[in-house]
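Here's the structure, in C-alpha cells; my notes come after.
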2 protein chains.
Amino acid sequence: MTASNGEGGKPVVGFIGTGVMGQSMAGHLIDAGYSLNVYNRTEAKCEPLVRKGAKLKGGPGEVAADSDIVITIVGFPKDVEQVYLDPGGVIDRAKPGSLLIDMTTSSPELAERVYNAARPKGLGACDAPVTGGDRGAREATLSILVGGTVEDFNRALPLFKIMGKNIVHLGPAGFGQRAKLANQIIIAGTMLGMCEGLAYARKSGIDIQKLFDCLANGAAGSWSLTNYTPRILNGDFNPGFFVKHFVKDMRLASQSAKDAGFSLKGLETALEQYIKLENDGYAESGTQALYKLYCEE
Amino acid sequence: MTASNGEGGKPVVGFIGTGVMGQSMAGHLIDAGYSLNVYNRTEAKCEPLVRKGAKLKGGPGEVAADSDIVITIVGFPKDVEQVYLDPGGVIDRAKPGSLLIDMTTSSPELAERVYNAARPKGLGACDAPVTGGDRGAREATLSILVGGTVEDFNRALPLFKIMGKNIVHLGPAGFGQRAKLANQIIIAGTMLGMCEGLAYARKSGIDIQKLFDCLANGAAGSWSLTNYTPRILNGDFNPGFFVKHFVKDMRLASQSAKDAGFSLKGLETALEQYIKLENDGYAESGTQALYKLYCEE
C-alpha cells in the first residue's frame, strides 16, 4: 500500500457529504480513532465534525489528495458523478492505491463507470449504499450493501463495521446499488399497499387503531405497517425518509429495470403516486404521507 | 332464546362449507363439545367431520332448520348469496332467534344485504371473515374480523374463541368484510413489491438468499418476505393462499373502493398482474407465484 498512514497506523479517511446520514457515520469513525478530512457543499454541516477533530477541506479533490480512503454519501447521482468524475475531482486527485467508497444510493451503471474510471489509475472502488435510515446511522446499526472486488471489500470492512452491523458483499461494482434498489422496490409496493389499505379502512369508517392491533402480526404485517401506522394515526407526516429521496430511488430502480429490459408495473405505479404526492407539496414530508393522497383526514 | 339446545346446554351449530378452512374450524367446535350439522356441496369433504360425530344434512336450508347457530365459509360471494338468500336457503328456513355467521371473505354490501334480510325474520347475522390461512385454521390461531351488532357479536364470541385467537369487533354488519378487504389491499401491495424486488434482484445477478438474509429484518421486511422468499428460492409455488382466491378478494376490494368513490391505483395494478398470472395458468398456485410473472428462473 502506497498510502500514508494516519495516527495509530490507521489510514486517513476522507469523508464527503456530511448531511444527516454522513454526519453520524463520520462521527463514529472519529470516535474509533480515525483521522478524518471532511467536505460538504454546505460547509456549516461539517462544523460538528471539525469540533471533534476532523480537518475541513476545500473540495472533493482536496479531500482525495490528502486521504487513503475516501467515503462519499451525497444527494443524487449527478452529485456522485461530479464528485468522482469531474476534472479536479476525487478520481483525478486521489493518490494511487487509494480506496473510494460511495455510500450514496445511486445508479448501478454509474457505480460501474466510477469503478472503470478508478481502476486504470490504480484506485479501488466500492459501491456501498445503506439501509436503516438516520436512526441506523446514529446507532451504527446500518445494513451496508456492497459491490466491488473481494480485495476492496475486505479493505473497506473495518470501516463498515464501525458504521453498520449487517454488512454484505453482493458481487462486483454496481451490485451494492442493485441490492439497494431491490430493497427500495420491495418497500415501494409495501408502502403503496399499506397506505391504500389504511385509507380504504378509514374511508369505510373502521377504527384504524383497532384494525392495526389486529393485523400487524398477521399476513399483512410489515416493518412499514408497524412503524408508520402509529405516525399516521398521530397525524405525524415528518420524515423519517423524505418523499423526494424515495422518488429519486424509485426513478433509479425504474431506469435500471428498463435497462435490463423489463418493466415493473407495481414500481411504476408507486412512482407515479409518489410523484403526484410531491406535486401536491409533500416532497419534504416522510414517505408515510402517501396516505394523504388517498385520505385527507 | 327460542333456540333448542344441544348436548351439555350448548347451542347446536350448523356448519356449511367444509373445505380446507371450514374442516379444521368445524373440527375444533366438535372437539369443544358442540353438536354439529354439516353440509358441503362436495359431500365427501364432510366425511372426516361425520366420522367425528357431525350429522350430515342435505342442504343449507336443512342445516339451518336444525341448528341454533349457522356458520358458513364457502367460496365466492355468489355462493354466500345462494346459501343465505335463495328460497329454501338459510334465511328462509332458519328458526327465529337463530344466529347466522358468514366467515367467507365476501362483499361488505352483501353482508349488509344478508343482515337486512335476516333481521325482519328475528335472526341475528354477523360477517366474520378470517385471516391466518389453513395453518391458522388448523392451529385455531385465526384472526376473526367481525361486523354486526354488539349483541350478535357477544353471542358468537364463545365459538370464535374456539376457532381463533385475535377476535375483533369492528362495527356494524359489513365491517368485518371491510376490515378483511383492507387487509387484502395491504397484502396486495406487499406481494407486488416483494415479487418485483426479488425478480429485479435475480435478473441483476444477485444471490437472493444473501439479499434476503440482509434485508428481511430491515425496512423492507414483512410477513410476506419472511414466509415466501424461502419458498420462491426452493421453487415452491404451491398454495398457501390460492391465486384465484386472492384475485377474488382484490376484485371485491376494488369494487368496494369504487363504490365508496375512490380509486386505489396500487390495488388495481396488483389485480391486473394477478389476473395476468391467472391467465398464464397459475390460478391454482400460491400467491408467491407472482414472482414467475417477472422471472421464470
query = In square angstrom, what is the accessible area per residue of the range B:7-172 with a 1.4 angstrom probe?
reply = 39
task = Rounding to the nearest 20 debye, state how big the charge dipole of the protein assembly as shown is about its Cα centre with +1 on each Lys and Arg Cβ and -1 on each Asp and Glu Cβ.
result = 520
message = Would you calculate the convex hull of the Cα atoms in the protein assembly as shown and tell me its volume per residue in Å³?
response = 151
request  = For each pair in B:K165/B:K210; B:K78/B:K180; A:K203/A:K276, compute the distance between the two Cα atoms and list the pairs where it is over 27 Å.
outcome  = B:K165/B:K210
note = Largest first and rounded to whole Å, the semi-axes √(5λ) derived from the alpha carbon gyration tensor of the range B:178-293 read 25, 16, 12
message = Give me P(r) over the range B:212-274, computed from all C-alpha to C-alpha distances, binned every 10 Å, as integer percentages.
response = 19, 35, 34, 12, 1
C-alpha center-to-center spacing [the range B:163-197, the range A:20-37] in angstrom = 44
task = State, to one decimal in nm and shortest first, how far the label point of B:Q82 sits from each corresponding label point in the other identical copies (label point: 7 angstrom along Cα-to-Cβ).
result = 6.7
Accessible-area ranking of B:L233, A:L49, largest first, probe 1.4 Å = B:L233, A:L49
Average projected area [Cα convex hull, the range B:111-161], square nanometres = 3.8
task = Compute the distribution of all C-alpha to C-alpha distances in chain A, in bins of 5 Å from 0, and list the percent of pairs in each, rounded to whole numbers.
result = 1, 6, 12, 15, 17, 15, 12, 9, 7, 4, 2, 1, 0, 0
query = Which angle between 0 and 90 degrees, to the nearest 10, do you get for helix B:223-233 versus the longest principal axis of chain B when only C-alpha atoms count?
reply = 60
note = Here the convex hull volume per residue of the range B:7-172, taken over Cα atoms and given in Å³, is 96
ask   = Which of these, B:G132, B:G148, B:G281, has the largest mean-square fluctuation under a Gaussian network model of chain B (Cα springs below 10 Å)?
value = B:G281
inquiry  = Can you give me the angle between helix A:175-203 and the longest principal axis of chain A, using Cα atoms only, in degrees from 0 to 90, rounded to the nearest 10?
reply    = 20
query = Mean separation of Cα pairs under 8 Å and 6+ residues apart, divided by the residue count of chain B: what relative contact order is that in percent?
reply = 13
ask   = Relative contact order for the range B:7-172: what is it in percent, counting Cα pairs under 8 Å that are at least 6 residues apart?
value = 19
note = Between the Cα axis of helix A:150-163 and the main Cα principal axis of chain A, the angle (0 to 90°, nearest 10) is 60
ask   = Got a sec? Charge dipole of the protein assembly as shown, +1 on Cβ for Lys and Arg, -1 for Asp and Glu; which of A:Y84, B:I167, A:A257 is way out at the positive end?
value = B:I167
task = Considering Cα pairs under 8 angstrom that are at least six residues apart, work out the relative contact order of the range B:81-180 and quote it in whole percent.
result = 28
ask   = Which value at 222 nm does the protein assembly as shown reach when only helices count, each DSSP H run of 4 or more adding -39,500 (n - 2.57), with the total divided by all residues and rounded to the nearest 500 deg cm²/dmol?
value = -15000 deg cm²/dmol
query = Looking only at A:F153, A:F242, A:F262, which one moves most when chain A is put into a Gaussian network model with springs between Cα atoms under 10 Å?
reply = A:F262
Within a Gaussian network of chain B (alpha carbon springs, distance under 10 Å), most fluctuating of B:A216, B:A257, B:A26 = B:A216
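The values are calculated or read from the model by the stated rules, or taken from the named source; none is laboratory data. Everything numeric in this text was worked out from a predicted model, so none of it was measured. Note that each Cβ is placed from the backbone with ideal geometry, even for glycine, and that neighbours are counted across all protein chains shown. Just so you know, the surface numbers come from the protein's heavy atoms only, side chains and all, with ligands and any DNA or RNA stripped out. Shrake-Rupley method; radii C 1.70, N 1.55, O 1.52, S 1.80 Å.
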